[in-house]
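Here is the structure we will look at, set down as structure tokens.
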Amino acid sequence: MDWEIFYYNESVQELISDWPIGIRAYYARVTERMIRFGPNLGMPFTRSMGNGLFEIRAKGKEGIGRAFFCTIVDQRIIILHAFVKKTQKTPKKELDVAKRRMKYVKANW
């Protein structure tokens, strides 16, 4: 059975839609693999951020995009937050948004 991908809200989906085409294409290839094989693709596609939070590592010639996600029952993947990286390290602010949303999803979805 394939996995399903859901978005935390419409603004997360819009953020990803606004990514440069190269990053968006890489993201699409990774999410297609996740649907077919599950979210645990490993490097260089996905990486654990700890405590059930993971990131999709999308890159293109225009830069690097990150989309945080978690999984819930019935093979569902929830994309919690997305941004385009400007620095080498993941900003704490972006990570905090994803953690807060994951906590909400795990309690209410």
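Put Trp3, Trp19, Trp109 in order of accessible area, largest first, 1.4 Å probe: what do you get? If you can, show how the numbers build up before the last one.
Values: Trp3 55, Trp19 10, Trp109 130 Å².
Descending accessible area places them as Trp109, Trp3, Trp19.
To the nearest 20 debye, what charge dipole does the chain have about its Cα centre, counting +1 at the Cβ of each Lys and Arg and -1 at the Cβ of each Asp and Glu? Provide the component values of the computation, followed by the final result.
Values: 20 positive and 11 negative charges, 115 e Å.
Dipole about the Cα centre, nearest 20: 560 debye.
Could you please put Thr71, Thr31 in sequence from largest to smallest accessible area, using a 1.4 Å probe? Intermediate results must be reported in sequence, preceding the final value.
Working: Thr71 40, Thr31 15 Å².
Ranking Thr71, Thr31 by accessible area, largest first, yields Thr71, Thr31.
Given a 1.4 angstrom probe, I'd like the percentage of the accessible area of segment 40-93 that is carbon and sulfur, rounded to a whole number.
On the way: 1570 of 2970 Å².
C and S atoms contribute 53 percent here.
Charges on Cβ only, +1 for Lys and Arg, -1 for Asp and Glu, centred on the Cα centroid of the chain; of Phe37, Thr87, Gly50, which one is farthest towards the dipole's positive end?
Final value for the positive-end residue is Thr87.
Explain nothing, just the number: relative contact order of segment 18-109, from Cα pairs under 8 Å at least 6 residues apart, as a whole percent. Walk me through the numbers on the way to the answer.
Values: 123 pairs, mean separation 19.6, N = 92.
Over segment 18-109, the number comes to 21 percent.
Counting each DSSP H run of 4 or more residues in the chain as -39500 (n - 2.57), what helix-only mean residue ellipticity at 222 nm follows after dividing by all residues, to the nearest 500 deg cm²/dmol? Please list the in-between numbers first.
Details: 3 runs with 42 residues, N = 109.
After summing the helix terms and dividing by the residues of the chain, the value is -12500 deg cm²/dmol.
Rounded to the nearest whole Å², what accessible area per residue is found for the chain with the 1.4 Å probe? Could the numbers behind the result be given before it?
Details: 6650 Å² over 109 residues.
Accessible area per residue: 61 Å².
What is the local net charge at Lys86, summed over the other residues whose Cβ is closer than 13 Å to its Cβ (Lys, Arg +1; Asp, Glu -1)? Can you show the working numbers first?
On the way: positive: Arg66, Lys85, Lys89, Lys93; negative: Glu62, Glu94.
So the surrounding residues net to +2.
If each Cα of the chain is one equal point scatterer, what is log10 of I(q)/I(0) from the Debye formula at q = 0.11, 0.19, 0.20 Å⁻¹?
Listed by q, the Debye log ratios stand at -0.30, -0.95, -1.06.
Compute the distance in nm between two label points, each set 7 Å from the Cα along the Cα-to-Cβ direction, one at Trp109 and one at Arg29.
2.6 nm
Among all the lysines, which ones have a C-alpha under 28 Å from Lys103's C-alpha, if same-chain residues fewer than 8 places away are not counted?
Those lysines meeting the cut-off are Lys59, Lys85, Lys86, Lys89, Lys92, Lys93.
The values are calculated or read from the model by the stated rules, or taken from the named source; none is laboratory data. Worth saying up front: this structure is predicted, and the values here are computed from it rather than measured. Cβ: placed from backbone, ideal geometry, glycine included. Neighbour counts: every protein chain shown. When the accessible area is computed, the model is the full protein with side chains, heavy atoms only, and any ligands, DNA or RNA have been set aside. Shrake-Rupley method; radii C 1.70, N 1.55, O 1.52, S 1.80 Å.
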